[in-house]
Structure formats: structure tokens, C-alpha cells
Amino acid sequence: MNQKSKKVVLSGMRPTGPLHLGHLAGALRNWLDLQKKYHCFYSIVNWHAFSSDYQQFSHIREYTFEVAADWLSIGLDPEKSVLFLQSQVKEHAELHLLLSMIIPLPWLQRVPTFKEMQRELPDKELNTYGFLGYPVLQTADILIYKAQVVPVGEDQSYHLELAREITRRFNRLFGEVFPEPQTLLTEVPKLAGTDGRKMSKSYGNAIYLKDPPDVIRKKISTMKTDIRRKRKSDPGVPEECPVFTLHKAFVPREKRDSLARSCRTAQIGCLECKKVVIDTLIHILTPFWKTRRQLEQDQSQVWKILDKGNQKARTTARKTMEEVRSAIGFAMKS
Ligand code: TRP
Ligand code: SF4
């Protein structure tokens, strides 16, 4: 397949620090698959991070590095995919501005995440102009590359619905400039963190991709398991074991099913069962760590790669913006 006939994929990730197993199972694995078949744009969306974290933004450079280094180490390939930093492609801001003027306010006011986030994070002042426009910026991210496919988790499906609605409105007003982006819903496995709650950076319970093997071993071996298993002779219920959420995401089915049976029939101890998932993760992550260490030693490599991605992204974004300006009537030449 040549470049032209490949579908365009776009997705983004907010730079909130190093990535954990949840990011791998819920997004990155899928992105790696997509990069084999499609023309993919993957963006570190630091403007989106700014819209919710502007009061504490001093770590942004470090976090951007962490995400980029994690992406490269896990195998996102800058020769195949365009890996770039949102804030370095100013055209996103221009398209965001134009879209913001054609979107009726109620479309944004009824976005569930807008109110939810304000309720859940009362310390952050999120009742802002920019945060209300979060889905508008997201739509600009997608449309500026004329992306047809947008892989995201369920939590983003409302934003994508809105993106499609905005696209239709733009096209109705100014002509068929943009394809309507399709949501590619990624199944996001529910992973438990070290304390049994949902794995999340904000709970401090995450297992990071860059955690060294002994840290991973320690984090998992001290995790609680199904409470029924006080002794090895007590049968357990894997579906109610936090550790087994990791098995479900990473251990191949046959092996996992056999562990589940042994758990239910009390033929295996938790330590032995944990060892399987620990070994699996170490196996998966060994090549990752090797690349990660190299990139940490020469951080300029990471910035250089991003810089090249920014340039590629800019080339496409500029072309689209010329079409947009001329469709609306802002073009200097006819
Ligand atoms: N809002 C997305 C999230 O929080 C990140 C994002 C920004 C995105 N722009 C995007 C995802 C464009 C897909 C397409 O996960
Ligand atoms: Fe969990 Fe495995 Fe222990 Fe069962 S044997 S409770 S699945 S760790």
C-alpha cells in the first residue's frame, strides 16, 4: 500500500508523567498495531495538559520527555508514525480558534467531563474558557490531519461524538473539507494498582513501564490477592483478585486459564501465581528498558526525534489550513 491510500489515524496523550501498565494495555499496544497498517499521527497534547494543570505546570518539560521516551522505547517508530508535540504545531491553535466560533455554547456546556472534572477536582479552577473548549481543541487535533480513525478509550467517546458533530457543521457551512472521523474504541482493561484500586498516577499505585525489574517484582509480590486465600489450601476467585487483572491484560490466555483453575481449586499458591505475571512483564519490558536507558543517557535524541515529527506534522497541518482559509474566505489569493 502506498502512503496515499493508507488511512490516517490520529491520537493523543496528555503528558502527565511516565507511563504505566494501564497506558500500555489501554492504548500503546493498540497504537503499535495501527502503526503497521496506517499513516499514524501520535501527539503529546501539552496544550490539553495546560488546560487542566496550568496552576502546576513546572514539570511539563520533564513529563514530555518521559512520554516521548516511553513511546520510543515501547516501539512507536518515528519512521512509520509521526510523533509530535502539539504546542509546536501552531496551526492547531488557528483551527481551534475558527472552530470555537462556529460551535454553539450548549454543545460544550453539556459535555459530561466538563462538569465532572470540576466536581471531582474542586482545587483546580477548571471553570475556564479554555477548559470548556477542551473538546474543540481535540477536534482541531483530529481534523487538521484529516484523520479518519481515532483510537481512544470509552472515556473519550463523547468527545469524539462531538468532534463528528463539529465536522458536519463545518462541512455544511463551508464545503466538504474534512472527512468525518471514526472512533476506534479501544478496549481498556481495568488494571488494579498496587493498593487494589484502579491503577492511576494520582493514586500513587501505578506500576511504571520504566520501573526496574526488582521494583516491579516488589510491587507485585506485595499486592493483596483474593481475600479468600488466607492459606494455600483455601480456594480463590481469580475474578476478585487485583493481581489477576494484570494476568488478564498480559499473560497469554491458555496459561492464564490454567492459573485461574489452579487458584479456584487451591492447587497453586499466590506467590507462584504472581511469579508468572512478574516474569511475563519482565519479558515484555526487557527490550523496552534497554532502549529507555539509552535515551535517558542522551536525551537530545528524544528532542531531535520530536522535532522531526513536529516538522512533518506541520507540513500536513499547513496544507489543511490553507484549504480551510480558502473555504471560509480568508485566503489572500483566490
Ligand atoms: N482528550 C484525550 C485524553 O484525555 C487526549 C487527546 C487530545 C486526544 N487530543 C486528541 C485523543 C485527539 C484523540 C484524538 O485522553
Ligand atoms: Fe490471585 Fe493468583 Fe492468588 Fe488466585 S492464585 S488469588 S489469581 S494471585
_Point-to-point label distance, ILE227-LYS80, nm (Cα→Cβ direction, 7 Å offset)_ = 4.5 nm
*Using a Gaussian network model of the chain whose springs link C-alpha atoms within less than 10 Å, name the residue from GLU120, GLU187, GLU272 with the highest mean-square fluctuation.*
GLU120
*Nonlocal amide H pairs with LEU184, under 5 Å, H built at 1.01 Å*: VAL150, VAL152
*Let me know the volume per residue of the alpha-carbon convex hull for the chain, in Å³.*
150 Å³
*asked:* Over the range 1-149, with the other protein chains present, what is the accessible area per residue in square angstrom, probe 1.4 angstrom?
replied: 45 Å²
_For the range 120-164 and the range 99-117, distance of Cα centres in Å_ = 9 Å
*Roughly what angle does helix 91-100 make with the longest principal axis of the chain, taking Cα atoms, 0 to 90 degrees, to the nearest 10?*
80 degrees
*On the accessible surface of the chain, probed at 1.4 Å, how many percent belong to carbon and sulfur atoms?*
53 percent
*So what J values fall out for the range 146-153 if you push phi through Karplus, 6.51 cos²θ - 1.76 cosθ + 1.60 with θ = phi - 60°, rounded to Hz, Gly and Pro as x?*
6, 5, 9, 10, 10, x, 8, x
*With a probe of 1.4 Å, find how much accessible area the range 202-294 has per residue, and write the answer as a whole number in Å².*
57 Å²
*Once fully extended, how much extra length lies between HIS283 and THR265, figured as 0.36 nm per residue of separation less the alpha-carbon to alpha-carbon distance?*
3.7 nm
*asked:* Testing the spin-label approximation: label points 7 Å from Cα along Cα→Cβ at VAL215 and LYS333. State their distance in nm.
replied: 5.4 nm
*By the gyration tensor of its Cα atoms, with a ≥ b ≥ c the square roots of the eigenvalues, what is the shape of the range 239-326: rounded for a/c under 1.5, prolate for a/b over b/c, or oblate?*
oblate
*Long-range amide H partners of ALA192 with built H, under 5 Å*: MET199, THR245, LEU246
_Distance between the C-alpha centers of the range 1-64 and the range 171-192? Whole Å please._
15 Å
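Do the sum for the chain: with -39,500 (n - 2.57) for every DSSP H run of n ≥ 4, divided by all residues, what is the mean residue ellipticity at 222 nm, to the nearest 500 deg cm²/dmol? Show your work: numbers first, answer last.
On the way: 14 runs with 176 residues, N = 334.
Value at 222 nm, helices only, nearest 500: -16500 deg cm²/dmol.
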_Phi-based couplings in Hz for the range 194-199 (Karplus 6.51, -1.76, 1.60; Gly and Pro marked x)_ = 4, 9, x, 7, 3, 5
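The values are calculated or read from the model by the stated rules, or taken from the named source; none is laboratory data. The shown structure was predicted, so the numbers you read here are calculated from the model rather than taken from an experiment. A quick note on method: Cβ atoms are made from the backbone with ideal geometry, for glycine too, and the neighbour counts reach across all protein chains shown. With ligands, DNA and RNA removed, areas are computed over all heavy atoms of the protein, side chains included. Shrake-Rupley method; radii C 1.70, N 1.55, O 1.52, S 1.80 Å.
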